[in-house]
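These notes concern the structure reproduced below.
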Amino acid sequence: MLKGKHIILGVTGGIAAYKSAILTRLLVKAGAEVQVIMTPAAKQFVAPLTFSTLSGKPVISEFFTANTGQWNSHVDLGLWADAMIIAPATASTIGKMANGVADNMLVTTYLSAKAPVFVAPAMDLDMMAHPSTRRNLELLKSYGNHIIEPAEGELASHLVGKGRMEEPEKIVQVLSNFFVPKDLAGKKVIITAGPTYEKIDPVRFIGNYSTGKMGYALADEAARRGASVTVVSGPVAVKPQDSDIKIIPVQTARQMLEAAQTVFADTDIAIMCAAVADYAPDHYTDSKIKREKDEIPVIHLVKNPDIAATLGREKQPGQFLVGFALETDSEQSNAREKMHRKNLDMIVLNSLRDKGAGFGTDTNKVTIFTGEGMSVTYDLKSKPQVASDIFDSIVRCLK
């Protein structure tokens, strides 16, 4: 989402300025064009040469270039930018921004900026908690600025509290999320994710290798696009990036079906991404099955409910239902057959033949089939990128 974007990075005089060098590198790596503006105090912490090398642009600090007398136009910079981020933002700079004290190039450019402005405060915990700082941040919010709240941890003073500048990776994510098209605004999305565990006894179960990474990547992408998201999740270690995503934890296939049915009627888009166990033991033993010398226990299995097929039967006009197919043989024909048999509007095919796809990886390689008979095969990508491709396809179908 940051490819080709013009980003002004304002760096102020705080120890967290070293993180801004990392932030510059990450923004450039994401495809953004970065112009760094430093306050005079910031140059005491990190040399301008560091930022000019990482950004590929000369650093701006003064109104005039010392050697040539060239005028650095804050107006032109304000018009050039797609976004401005001040990181770190010290208490002094925050106060100047809130009250219009334009005594340096950074604040003057901020006052001229037409683009959205993001502020990442960094200071000691007492300064952060001071009423004047809180008031100034509230003023900046009221002006329409986006405040990236600092984290808690050990500070430069060796005290522990709130005041650490947010990590560069998270700042990049915030900026990237801002530019994601909000084409799912007002939509309600339900996603099933992870495995199901079918209990044999208190310590054993039937399950699979699903980590839930693909389902949670879909949840994060839907939330970035403005949707209200609910995840019905089997046992996983991953968490959503967006705290507004609702998680309904379940263990078994029957629990997952019941949870999905409770919210499905009020859902616009449902994506069945979970790796649901097809079978479950017909009997659960309350105590651990002991290993005996000669006797080998026999476990009888029964079929689990087919969640996607059940929701396919319950689907109403206007609802969009997506399934996943993990295949090893006759992949495309099996996926198409499953889509029609379960009354799905779209199905996403994974093949275990593709290296880097399937369970336990950070990447995936998919082919997307739609009810109109169209199919698109994508290259191997990260799971967040695959999630974006899937929702691009869903939005095209909805249109």
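Taking the residues in region 288-325 that are within 17 Å of Ile190 (Cβ to Cβ), in a loop (DSSP other than H, G, I, E, B) and of a type outside the set (Gly, Ala, Ser) as candidates, determine which candidate is most open to solvent (accessible area, probe 1.4 Å). Don't jump to the end; show me each part of the working.
First, pick out the residues of region 288-325 that are within 17 Å of Ile190 (Cβ to Cβ): 305-316, 318-324.
Now restrict to residues that are in a loop (DSSP other than H, G, I, E, B): 305-306, 315-316, 318-319.
Adding the requirement that they be of a type outside the set (Gly, Ala, Ser) leaves 305-306, 315-316, 319.
On the way: Pro305: 29, Asp306: 58, Lys315: 39, Gln316: 112, Gln319: 24 Å².
The residue in question is Gln316.
Have a look at Ala185, Ala193, Ala223 and point out the one that is open to solvent by less than 10 Å² (accessible area, probe 1.4 Å) and either in contact (Cβ under 8 Å) with a residue 60 or more places away in the chain or under 22 Å from Phe264 (Cα atoms) (or both).
Selected residue: Ala193, the only one of Ala185, Ala193, Ala223 that is open to solvent by less than 10 Å² (accessible area, probe 1.4 Å) and either in contact (Cβ under 8 Å) with a residue 60 or more places away in the chain or under 22 Å from Phe264 (Cα atoms) (or both).
For region 364-381, what are the residues that are part of a strand (DSSP E or B) and open to solvent by less than 40 Å² (accessible area, probe 1.4 Å)?
Listed by number, the residues that qualify are Asn364, Val366, Thr367, Ile368, Phe369, Thr370.
Restricting the first residue to region 141-167 and requiring it to be touching a residue at least 24 places away in the same chain (Cβ under 8 Å) and under 24 Å from Ala113 (Cβ atoms), which pairs with a second residue that is surrounded by fewer than 19 Cβ atoms within 10 Å (Cβ to Cβ) and basic (Lys, Arg) meet a Cβ separation below 9 Å and a spacing of at least six or different chains?
That search, which allows pairs on different chains as well, returns Ile147/Lys141; Ile148/Lys170; Glu149/Lys162; Pro150/Lys162.
Would you pick out the residues in region 242-277 that are under 11 Å from Ile307 (Cβ atoms) and surrounded by fewer than 17 Cβ atoms within 10 Å (Cβ to Cβ)?
Arg254, Gln255, Glu258, Gln261, listed by residue number.
Within region 118-131, can you find the residues that are in contact (Cβ under 8 Å) with a residue 40 or more places away in the chain, more than 21 Å from Ala81 (Cβ to Cβ) and out of contact with any helix residue (DSSP H, G or I) (no Cβ under 6 Å at 6 or more places or on another chain)?
Matches in region 118-131: Ala122 only.
Would region 251-266 turn up any residue that is modelled with pLDDT of 95 or more, within 22 Å of Ala387 (Cβ to Cβ), assigned to a loop (DSSP other than H, G, I, E, B) and touching a strand residue (DSSP E or B) at 6+ places or on another chain (Cβ under 9 Å)?
no
Residues that are touching a helix residue (DSSP H, G or I) at 6+ places or on another chain (Cβ under 7 Å) and open to solvent by 30 Å² or more (accessible area, probe 1.4 Å): which strands (runs of 3 or more DSSP E) entirely in region 1-117 hold 1 or more of them?
Numbers: elements: 6-11, 33-38, 83-89.
Where strands (runs of 3 or more DSSP E) fall fully within region 1-117 and carry at least 1 residues being touching a helix residue (DSSP H, G or I) at 6+ places or on another chain (Cβ under 7 Å) and open to solvent by 30 Å² or more (accessible area, probe 1.4 Å), they are 6-11.
The values are calculated or read from the model by the stated rules, or taken from the named source; none is laboratory data. Predicted model only: the values in this text are computed from it and were never measured. Reconstructed Cβ throughout: ideal geometry from the backbone, glycine too, with neighbour counts over all protein chains shown. Areas reflect the complete protein model, heavy atoms only, side chains present, ligands, DNA and RNA absent. Shrake-Rupley method; radii C 1.70, N 1.55, O 1.52, S 1.80 Å.
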